[in-house]
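Working notes, structure below.
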Amino acid sequence: MDSVFAACVGLSNITCRSFRLSETFIRKHFQYIRSHCTQFAVRHPVPSFNGYDHVTWWVGNAKQAASYYNHLFGFKTIAYRGLETGSRYIASYVVGNAEVRFVFTSPIRSSADAVQAPIIIHDEVYGYVETAVIRTYGDTTHTLISRNGYSGPFMPGYRAASAGTATVPLPNVQLTRIDHCVGNQDWNDMVGACEFYERCLSFHRFWSVDDSQICTESRKAVAALRARGVEFISVPATYYDDMRARLKADTRNWELGEEFETLQKLNILIDYDEQGYLLQLFTKPLMDRPTVFVEIIQRNHFEGFGAGNFKSLFEAIEREQAERGNL
């Protein structure tokens, strides 16, 4: 199966990341989070998570933002909420590609704070969804979601979106799921943010990837994205000269499954250890403010996040900033 992982990076515009729970007892998970984030903790069952449900982007024009990502990244609009569905305060468009789902939301009028205790949202046709919202660092919130009792297009209050009318075929982009999100922290806030997720959500510093999550053919996805107009950062030739020399010199238990020249042509970065390797590529900033970009990532028995490529990444970002006169 041709597939890649997708990741959102630099989240100043994203205020909600939603996690899909493995069971309907969100109240128990909410009690665990609340008790472990107070001074006097009460023992509750440790919560379990299935992965990212969706990422919400708060934008000035949700319809235009959804169209932009549909065109460039091969998403399709799958659900809509707005005045026509009874939403008087916000309009939202849900776009998706496999298990990667983004929700673009813009205000119709000002509304109340979004943080909420556990609630059950009913739909007369499709069933119900159970949710709870927690606030983390800054203005970032996480929504805990259980969909076990729901069969609709996205959430109660949404309707299925109509199919587009485009007549010019574009290359298909095959994504799999959201791999990770990066929340940038101030220099002195990193430890506190990590401790919050460990204490309140029972997260771990590192996680493993099993064989079922190995994916191939990221180069095809990257080629399709380029054909649709996505711009990626440029990587200097010296990076690949150094990488080629390292791969020849280092001892490892795997062979690179892609042609090295193809990876260089597509500006795909490589990171690796003794057990496996990672392929990753970063788009140029997607907004006028250079704070949001997307990473396309492929894992092959590799558990890290490309730490060996950070220097190359930040050098590319600095080049972008220099063009804006921000250095």
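The values are calculated or read from the model by the stated rules, or taken from the named source; none is laboratory data. This one's a predicted model, so the numbers in the text were calculated from it and none came from an experiment. So basically every Cβ, Gly included, is an ideal-geometry build from the backbone, and we count neighbours across all protein chains shown.
Of all residues in segment 73-104 being more than 16 Å from the chain's Cα centre (by Cα) and within 14 Å of VAL55 (Cβ to Cβ), which is surrounded by the most Cβ atoms within 10 Å (Cβ to Cβ)?
Per the criteria, the residue is TYR93.
Which one of these is aliphatic (A, V, I, L, M) and at pLDDT 90 or above: VAL59, VAL55, VAL115?
Only one candidate qualifies: VAL55.
If a residue has to be hydrophobic (A, V, I, L, M, F, W, C), assigned to a strand (DSSP E or B) and crowded, with 18+ Cβ neighbours inside 10 Å to count, how many in segment 127-186 make the cut?
Looking only at that region, the number is 7.
With the structure loaded, tell me whether ALA227 is touching a residue at least 12 places away in the same chain (Cβ under 8 Å) and either within 29 Å of VAL292 (Cβ to Cβ) or more than 26 Å from the chain's Cα centre (by Cα) (or both) or whether it fails that test.
yes
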